[in-house]
Amino acid sequence: MYTQAMDTAPKEERKPIRSAEEAQLEARFETRIDEGDFVEAKDWMPEHYRKTLVRQISQHAHSEIVGMLPEGNWVTRAPTLKRKAILLAKIQDEGGHGLYLYAAAETLGTSRDQLLDALHTGKAKYSSIFNYPTLSWADIGVIGWLVDGAAIMNQVPLTRCSYAPYARAMVRICREESFHQRQGFDALMVMMKEGTETQREMVQDAVNRWWWPSLMMFGPPDGESVHGAQSARWGIKRISNDELRQKFVDATVEQAKVLGVSMPDPLLKWNEARGHHDFGPIDWDEFWRVVGGHGPCNRERLAARVKAWDDGAWVRDAALAHASKQARKQATQEQAA
Ligand code: BYC
């Protein structure tokens, strides 16, 4: 049994005091996880598990919402009506993914307002990839092919995440992401196979700019992943950052051959002994710079989200006023009855 008096460790080394009941609950929780059981919102869970999920799910939600911005830049300049309709639908899907994910995070007891406040004040992260600019129409195809392709690789294992509300949201999201990836590949195929030399050059230029940032989406190398081991232990992450990155490289190299583009990596080559492609070193300094808020578009992206929130204040106020008017009306009717 733990008492305050036994807690003689220096302050910074002290572990939170757990009651015997809590220790028992935690042991039962670990056993459930080991048995591959899913955890529901109403179930007991360790505080650290809850925090890890709120962090990851809300970062994921923010990524979907911020991810709408680089694509939104091209809605008015899509080359055909068909491409415009597809792009609009994709961006709407992403808004929807953000909403499922905020809802999943809310089941853990953190409100939507708290989650958004963390984004708007720069405390919460979102995927590094969305801090790069979209310079040509080919970027939209490459985002679909590479960025959504990397997202699918990372997110399919999350459909088996131990936290059931997140896993359920991911099933739906992954179905839509695979359509997103295919539409990107299709747009690039048209440019590569039916387009002009200039269009083919645009595609290659976009691949050159998005390849390395796409590899960074999977997070730091396993040795530097702060949360990786614990998240794997809890069945939140089923496959490590490096393993997913490798799977992505192996899959996309083959797709690049079909498209007729090359990756901007002279060290990329098949390694017969490993049964995988070797690839060159990733610029982790660039990754941490972008994650730390100093990428090409960090300020612009955050400012756009804060502006959207501020501009939407009247809608929230009106909805609240309407809801309280309805509640008053109902109360009066109930009194009269
Ligand atoms: N960007 O210990 P680690 C999409 C942070 S949506 C920024 O390995 P973890 C899409 C990490 O948060 C794409 N930060 O972390 C949308 C941690 O910092 P904190 C988003 C990153 O959580 C629209 C620190 O680095 N997908 O694809 O075990 C259109 C150490 O990392 C990044 C998801 O969110 C990054 N790339 O693993 C198209 C999927 N990587 O929190 C596409 C769900 C790492 O301690 N998330 N950091 O301050 C995950 O699977 C995991 O959170 C990650 C990172 C693999 C991303």
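The values are calculated or read from the model by the stated rules, or taken from the named source; none is laboratory data. Owing to the predicted nature of the structure, the values given are computational and were not obtained by experimental measurement. As a convention, Cβ positions derive from the backbone with ideal geometry for all residues, glycine included, and neighbour counts pool all protein chains shown.
So the values come out like this:
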| read-out | value |
| --- | --- |
| Residue in region 96-108 that is assigned to a loop (DSSP other than H, G, I, E, B), modelled with pLDDT of 95 or more and under 21 Å from MET216 (Cβ atoms) present | no |
| Residue list for region 79-91, filter: without any contact (Cβ under 8 Å) to a residue 12 or more places away in the chain and either under 16 Å from GLY184 (Cβ atoms) or surrounded by 19 or more Cβ atoms within 10 Å (Cβ to Cβ) (or both) | THR80, LYS82, LYS84, ALA85, ALA89 |
| Some residue of region 109-125 being crowded, with 19+ Cβ neighbours inside 10 Å and not hydrophobic (A, V, I, L, M, F, W, C) | yes |
| Failed item, numbered, when VAL253 is tested on (1) among the hydrophobic types (A, V, I, L, M, F, W, C); (2) within 15 Å of the ligand (Cβ to nearest atom); (3) farther than 30 Å from TYR49 by Cβ | (2) |
| GLU21 vs. criteria assigned to a helix (DSSP H, G or I), free of Cβ contacts under 8 Å to residues at least 12 places away in the same chain and either within 21 Å of the chain's Cα centre (by Cα) or more than 19 Å from LYS307 (Cα to Cα) (or both) | yes |
| Selection count, region 34-78, where residues are over 30 Å from ASN298 (Cβ atoms) and not in a helix (DSSP H, G or I) | 12 |
| Single match in ASP242, ASP285 (criterion: assigned to a helix (DSSP H, G or I), within 16 Å of the ligand (Cβ to nearest atom), surrounded by 15 or more Cβ atoms within 10 Å (Cβ to Cβ) and acidic (Asp, Glu)) | ASP242 |
| Flag for THR76 being more than 12 Å from the ligand (Cβ to nearest atom), over 24 Å from GLY295 (Cα atoms), loosely packed, with under 15 Cβ neighbours inside 10 Å and free of Cβ contacts under 8 Å to residues at least 60 places away in the same chain | yes |
| Set GLN183, GLN199: member being in contact (Cβ under 8 Å) with a residue 12 or more places away in the chain, in a helix (DSSP H, G or I) and either near the ligand (Cβ under 9 Å from one of its atoms) or under 25 Å from ARG301 (Cβ atoms) (or both) | GLN183 |
| PRO264 vs. criteria in contact with a Phe, Trp or Tyr (Cβ under 7 Å, 6 or more places away or on another chain) and farther than 28 Å from CYS161 by Cβ | yes |
| Residue identified as under 18 Å from GLU286 (Cβ atoms) and of a type in the set (A, V, I, L, M) among MET153, MET191, MET217, MET202 | MET217 |
| Region 291-302 residues that are more than 11 Å from the ligand (Cβ to nearest atom), paired with ones that are part of a helix (DSSP H, G or I) (beta carbon under 7 Å, 6 or more apart) | PRO296/ASN131; CYS297/ASN131; ARG301/VAL66; ARG301/LEU69; ARG301/PHE130; ARG301/ASN131 |
| Tally of residues being away from the ligand (no atom under 11 Å from the Cβ) and free of Cβ contacts under 8 Å to residues at least 24 places away in the same chain across region 113-145 | 4 |
| Residues located in region 202-220, provided they are surrounded by fewer than 21 Cβ atoms within 10 Å (Cβ to Cβ) and without any contact (Cβ under 8 Å) to a residue 40 or more places away in the chain | none |
| Some residue of region 170-192 being under 22 Å from MET45 (Cβ atoms), at pLDDT 95 or above, under 19 Å from the mean Cα position of the chain (by Cα) and crowded, with 18+ Cβ neighbours inside 10 Å | yes |
